[in-house]
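One structure is given below, encoded as structure tokens.
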Amino acid sequence: MRSPSEKAAAFTESVIREMTRLCLEHGGINLAQGFPDFACPPELKAAAKEAIDADINQYAVTWGAPAFRQAIAAKVARTYEGWSVDPERELCVTCGSTEAMIAACLALLDPGDEVVIFEPWYENYGPDAILSGAIPRLVTLHEPEWSIDEAELRDAFGPRTRAVIVNTPHNPTGKMFSADELGLLAELCQQWDVWVFTDEIYEHIHYQGEGGHLPPAQVDGLQDRTVTINALSKTYAVTGWRVGWTIAPPEATSAIRKVHDFLTVGAAAPLQAAGVAAMNLPAEYYAGLAVAYRERRDLLCDALREAGFGFALPDGAYYVMCDTSAVDPAGDDVALARRLVTEIGVAAVPGSSFYSDRSKGASKVRFAFPKRLETLRAAGERLATLAATADR
Ligand code: PLP
């Protein structure tokens with residue numbers, strides 16, 4: 001048999017989804033993959049059922065049902081003062097933010113282009129760049145605050161740079177990109193004529209209060225060079241619905257729409273109809289979401305601290321990237337993650353899966369907390385036995 005393509009050979013299977021499989025095998029509590037174990041808002045379920053009853057069963061408009069695009073644009077305008085999106089020319093509905101990111105990469109990058117990616121990273125970005133023929137150029141986020149070194153960032157940009165991928169709030173670190181950091185990016189992107197692909201799937205899940213999240217599309221100098229990527233997945237607890245979107249200037253949107261058409265044709269029509277109900281939820285929904293996530297974060301972080309893990313408290317998203325030096329002096333994140341799931345019954349992700357140089361993540365694991373409080377309490381009880389199993 002002929003070998004697989006060089007592109008497919010250039011990256012490995014997702015470690016996160018692999019941990020989920022192992023967790024199922026061992027009946028563990030899955031704090032590896034970031035999906036909620038609680039219900040989505042009832043308004044979404046009612047609207048989805050209604051759409052199916054109304055026989056909304058055929059292809060929606062390829063780049064998104066008009067009512068859904070209008071509802072997204074209206075919600076953006078309500079949420080961010082001064083941000084106006086044209087649903088006819090600046091929006092493309094996709095199958096989750098996963099498709100949104102790869103469609104943006106395929107539409108706007110050429111082989112040989114360089115893409116600046118911050119590491120640790122959400123594991124899709126490397127393969128997204130590689131599948132587009134582009135070359136990832138990595139910039140480290142430095143502990144303890146996951147900060148950017150200005151000189152390193154400047155050094156990463158050059159004539160071959162075509163895009164930078166931002167993810168704020170950030171998975172896996174919980175970092176929120178500050179106005180100063182985005183200002184520096186704006187300067188560099190203008191200087192080198194670079195796109196920003198910004199993954200804002202956690203826009204409403206943060207612990208900074210109102211105004212805490214700053215979308216790059218609202219930063220001076222980035223308005224006309226930003227592709228904003230988002231989805232229903234996390235904000236409305238429907239990761240399995242696979243509905244997301246891009247917001248980008250019209251020329252970029254035309255290119256993204258073409259790529260999207262040939263990748264997937266379109267996202268599920270009845271779930272786009274339900275997406276209108278999601279966009280129409282009141283402001284209180286988002287305030288309640290942040291409060292509930294803060295409680296989850298604090299509960300899990302207390303348990304992790306007790307169990308001997310070190311970490312900077314995440315400012316946003318629903319993950320905590322832990323230093324494992326105290327619980328795993330050997331510094332073998334993969335062995336520790338295996339032990340956690342097979343002996344303790346809690347799945348986490350080995351830190352090395354967030355770094356290109358895997359040794360940088362050898363003393364780290366990531367836990368996710370989009371779970372009911374009772375799930376997190378049960379995980380905490382299991383984690384409390386970690387020291388005892390180490391002594392065996
Ligand atoms: N982007 C980030 C940063 C994520 O953490 C995730 C899921 O964990 C995704 C994208 C996937 O989003 P979707 O389910 O909408 O494809």
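The values are calculated or read from the model by the stated rules, or taken from the named source; none is laboratory data. The structure presented is a predicted model; accordingly, all values stated were derived computationally and were not measured. Cβ placement follows ideal geometry from the backbone for every residue including glycine, while neighbour counts extend to all protein chains displayed.
What are the residues in region 285-300 that are under 15 Å from His206 (Cα atoms) and of a type outside the set (Gly, Ala, Ser), if any? Selection gives Tyr285, Tyr286, Leu289, Val291, Tyr293, Arg294, Glu295, Arg296, Arg297, Asp298.
Residues in region 205-243 that are part of a strand (DSSP E or B) and within 9 Å of the ligand (Cβ to nearest atom) were compared, and the one that is nearest to Ala163 (Cα to Cα) is Ile229. One residue stands out among those in region 218-243 that are aliphatic (A, V, I, L, M) and more than 17 Å from the chain's Cα centre (by Cα): the one that is surrounded by the fewest Cβ atoms within 10 Å (Cβ to Cβ), which is Val219. For region 29-57, the tally of residues that are touching a Leu at 6+ places or on another chain (Cβ under 8 Å) and more than 16 Å from the ligand (Cβ to nearest atom) stands at 4. Take the residues in region 17-36 that are free of Cβ contacts under 8 Å to residues at least 24 places away in the same chain and surrounded by fewer than 14 Cβ atoms within 10 Å (Cβ to Cβ); name whichever of them is nearest to the chain's Cα centre (by Cα). Ranking the qualifying residues of region 17-36, first place goes to Arg17.
When region 332-363 is filtered for residues that are in contact with a helix residue (DSSP H, G or I) (Cβ under 6 Å, 6 or more places away or on another chain) and in a loop (DSSP other than H, G, I, E, B), the ones remaining, listed by number, are Gly345, Ala348, Tyr355, Ala362. Is it the case, given these coordinates, that Val85 is more than 20 Å from Ala8 (Cβ to Cβ), within 13 Å of the ligand (Cβ to nearest atom) and not assigned by TED's automatic domain parsing to the domain that holds Phe35? No: the conditions fail for Val85. The set of residues in region 296-323 being farther than 24 Å from Tyr236 by Cβ and in contact with a strand residue (DSSP E or B) (Cβ under 9 Å, 6 or more places away or on another chain) consists of Cys301, Leu304, Phe309, Gly310, Phe311, Ala312, Leu313, Met321, Cys322, Asp323. Within region 292-302, being surrounded by fewer than 21 Cβ atoms within 10 Å (Cβ to Cβ) and farther than 17 Å from Gln208 by Cβ holds for Leu299, Asp302.
Apart from one condition, Ala129 fits all of (1) assigned to a helix (DSSP H, G or I); (2) at pLDDT 95 or above; the exception is (2). Being more than 15 Å from the ligand (Cβ to nearest atom), touching a residue at least 12 places away in the same chain (Cβ under 8 Å), of a type in the set (Gly, Ala, Ser) and more than 25 Å from Trp121 (Cα to Cα) is the requirement here; does Ala252 meet it? No: the conditions fail for Ala252. When Thr375 is tested against (1) surrounded by fewer than 22 Cβ atoms within 10 Å (Cβ to Cβ); (2) of a type in the set (S, T, N, Q); (3) under 30 Å from Pro136 (Cα atoms), only condition (3) is not met.
Each residue in region 37-65 was checked for being assigned to a loop (DSSP other than H, G, I, E, B) and either buried (at least 20 other Cβ atoms within 10 Å of the Cβ) or of a type in the set (S, T, N, Q) (or both), and 7 of them qualify.
Of all the listed residues (Thr198, Thr246), the sole one being surrounded by 24 or more Cβ atoms within 10 Å (Cβ to Cβ) and more than 23 Å from Ala287 (Cα to Cα) is Thr246. Within region 134-168, the residues that satisfy the criterion of being part of a loop (DSSP other than H, G, I, E, B), at pLDDT 95 or above and farther than 18 Å from Asp193 by Cα are Trp146, Asp149, Thr168.
Could you check, for region 274-291, whether at least one of its residues is surrounded by 24 or more Cβ atoms within 10 Å (Cβ to Cβ), out of contact with any strand residue (DSSP E or B) (no Cβ under 7 Å at 6 or more places or on another chain) and more than 19 Å from Tyr59 (Cα to Cα)? Yes: one or more hits.
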